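Just below is one structure, and these are the notes that go with it.
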Amino acid sequence: MQLDTRPAAAPTPASRLPRGRAISVAVVSLLAALAAGHLVAGFVGAGASPFLAVGNWVRDNSPHAVVEWAKATFGTADKTVLFIGVAVVVLGVTAVAGLLSRDRPTPGLVVAAVLGVLGFLAVLTRADLGQLAIAAPAAAMVAGLVVFNWLHGKAQPAEQDRESRRSFLRAGAGVVLGAGVLGTVGQLTGSRVDVEASRAAVGRLTPASPAPKLPPRADFAADGTARFITGNRDFYRIDTALTLPRLTARDWRLRIHGLVDEPVEFTFADIRGRRLIERPVTLACVSNEVGGGLISTANWIGVPLRELLLEAGVKPGADQLFSTSTDGFTAGTPVDALLDPDRGAMLAIGMNGEPLPQEHGFPARMVVPGLYGYVSATKWVVDMELTTFADKQGYWIPRGWSARGPIKTQSRIDSPRDGFDLPRGANTVAGVAWAQTIGVRQVAVRVDDGEWHRAELGAEVGLNTWRMWRVTLDLEPGERTIQVRATDNRGHTQTDAEAPPAPDGATGWHTVRVAVH
């Protein structure tokens, strides 16, 4: 039997897919691919889901300027915006693939294969995923290619085009319905770890050494300052997790190794059974702009990190604790800060009287006073390696941030807000100041570059927490500018030189402008 070697006839306009049908083929195939990958990811690791893996890859490899713009523009909604951005790009590429495949399926199959390869690469670059994780992008690629080729055939116009359209619509609807079922099963399977049940099983945390009772005048909330203790729901959240890690207390382990005398491993029961302490600590994000809200205070419950490190035995020369979260995030903390008995670094398992909320690190996280969170507050922590700053860099360091991250002395005006209208005469101005591990000695406020007025300070709860302040000012009618500055217990007054958060924290005096009538 002879093969027909004559060139194939060129597609005729009658056999060309309508634009809408061609795009539908591509989009439905994409849904099938994502659903298949999400289903398999439910068994091999939620982070292997192709869309999530690509989102993580985009987050990790975006230019520093883009990341900072996103955080400054969208704040804590930056993750949602990232998801939307990735979805728009993928849908756009998918639509183009469909339009390129109006005559034959080959261009669309090539684009689907390229997207599949990107899914493979995104999964392979995740240190927190095992070898089986590649099964998820593999399933997505196969499903996408098969469905695209099949639907493209079903979408071909026929002499009775109305019937062909109905056949295509039935096929497409069936794929969409199947994708919905597969995606739902994958979501339920990936969410089978019941974090809230695990939190409830931890029971009441009763510290042997409770936090000190708040003294009167710890805050001036009646005058507009923040509450001294921030509620768990209101506590700021900044991390790299696109989806919250799901880890139970029973499955949690903490390994301490590296430059130590003897590697050690702790279970949650080990930590839970130790003598627990409770301490108020103010945490701050290095991304916080001057006057920003990325700072909060909670009563943390846990065990001193110093005790755990000494049990392992820190070898001379180890100057960095390289901590890793269950989702692969890493941070480097100066060892001297962790071993300082006066600083009170903690492995925390509780927050404001209850087990850590999932979004704040359950089962366990680090809390190190005086250091910005990106180098000290690893959530969902599962690994601690004693090493050196010369040998390893945490997640944010190659992205333009400084290695050690000490918190700078700062202050903020909480009331009045910028743009407020005020009556002429006596007005109370109030806010917060912080200089963790050092303490706030003085806060001063001025109007329109005039003389500085010393503010009344709230009661000092501890050197590791913020401090409230208030002052009464006599304001004349007109547009007025109010500024604040703080001085710490070492005599250092915060600078008026304005600097952005990167690379080691914003500086400048917080300024609000009000209209006095």
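The values are calculated or read from the model by the stated rules, or taken from the named source; none is laboratory data. None of these values were measured; they are calculated from a predicted model. No Cβ is skipped: glycine too gets one built from the backbone with ideal geometry, and neighbour counts run over all protein chains shown.
Checking the conditions here, which among Gly92, Gly55 is in the same structural domain as Gln156 (by TED's automatic domain parsing) and within 17 Å of the chain's Cα centre (by Cα)? Before you say what the answer is, go through the steps one by one.
Numbers: Gly92 fails: within 17 Å of the chain's Cα centre (by Cα).
Of Gly92, Gly55, the one residue that is in the same structural domain as Gln156 (by TED's automatic domain parsing) and within 17 Å of the chain's Cα centre (by Cα) is Gly55.
How many of the residues in the stretch 200-216 are surrounded by 14 or more Cβ atoms within 10 Å (Cβ to Cβ) and among the aliphatic types (A, V, I, L, M)? Working first, answer last.
Going residue by residue through the stretch 200-216, those that are surrounded by 14 or more Cβ atoms within 10 Å (Cβ to Cβ) are 202, 205, 207, 210-211, 214.
With among the aliphatic types (A, V, I, L, M) added as a condition, the list becomes 202, 205, 211, 214.
The total comes to 4.
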Within the stretch 160-199, residues surrounded by 13 or more Cβ atoms within 10 Å (Cβ to Cβ) and either small (Gly, Ala, Ser) or not in a helix (DSSP H, G or I) (or both) come out as Ser164, Ser167, Ala171, Gly172, Gly178, Ala179, Gly183, Gly186, Gly190, Ser191, Val193, Ser198
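Within the stretch 90-101, track down each residue that is out of contact with any Gly (no Cβ under 8 Å at 6 or more places or on another chain) and surrounded by 22 or more Cβ atoms within 10 Å (Cβ to Cβ).
First, pick out the residues of the stretch 90-101 that are out of contact with any Gly (no Cβ under 8 Å at 6 or more places or on another chain): 90-96, 99.
Passing the criteria: only Thr94.
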Of the conditions (1) modelled with pLDDT of 95 or more; (2) more than 16 Å from the chain's Cα centre (by Cα); (3) surrounded by fewer than 22 Cβ atoms within 10 Å (Cβ to Cβ), the single one that Gln358 does not satisfy is (2)
*Could you please let me know if Val382 is under 16 Å from Pro280 (Cβ atoms), more than 16 Å from the chain's Cα centre (by Cα) and β-branched (Val, Ile, Thr)?*
no
query: Of the residues that make up the stretch 273-286, is at least one acidic (Asp, Glu) and touching a residue at least 40 places away in the same chain (Cβ under 8 Å)?
result: yes
A careful count of residues in the stretch 369-388 that are outside any loop (DSSP other than H, G, I, E, B) and within 20 Å of Asn464 (Cβ to Cβ) gives 5
Screening Phe220, Phe235 for residues that are in contact (Cβ under 8 Å) with a residue 60 or more places away in the chain and touching a Lys or Arg at 6+ places or on another chain (Cβ under 7 Å) leaves only Phe220
Per the filter on the stretch 440-468, residues in contact (Cβ under 8 Å) with a residue 40 or more places away in the chain, within 22 Å of Pro406 (Cβ to Cβ) and in contact with an Asp or Glu (Cβ under 7 Å, 6 or more places away or on another chain) are Val440, Arg441
Output yes when any residue across the stretch 104-115 is in contact (Cβ under 8 Å) with a residue 12 or more places away in the chain, out of contact with any Asp or Glu (no Cβ under 7 Å at 6 or more places or on another chain) and assigned to a loop (DSSP other than H, G, I, E, B), and no when none is.
-> yes
inquiry  = Here is a check on your reading of the model: is Val432 within 24 Å of Arg237 (Cβ to Cβ), touching a residue at least 60 places away in the same chain (Cβ under 8 Å), β-branched (Val, Ile, Thr) and not assigned by TED's automatic domain parsing to the domain that holds Glu278?
reply    = yes
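Condition (residue is of a type in the set (A, V, I, L, M), buried (at least 17 other Cβ atoms within 10 Å of the Cβ) and at pLDDT 85 or above) applied to the stretch 70-87: is it met by at least one residue? Can you show your working first?
Initially, the stretch 70-87 is screened for residues of a type in the set (A, V, I, L, M), giving 70, 72, 77, 81-82, 84, 86-87.
Narrowing the set further to residues that are buried (at least 17 other Cβ atoms within 10 Å of the Cβ) leaves 70, 82, 86.
Filter once more, keeping what is at pLDDT 85 or above: 86.
There is at least one residue in the stretch 70-87 that is of a type in the set (A, V, I, L, M), buried (at least 17 other Cβ atoms within 10 Å of the Cβ) and at pLDDT 85 or above.
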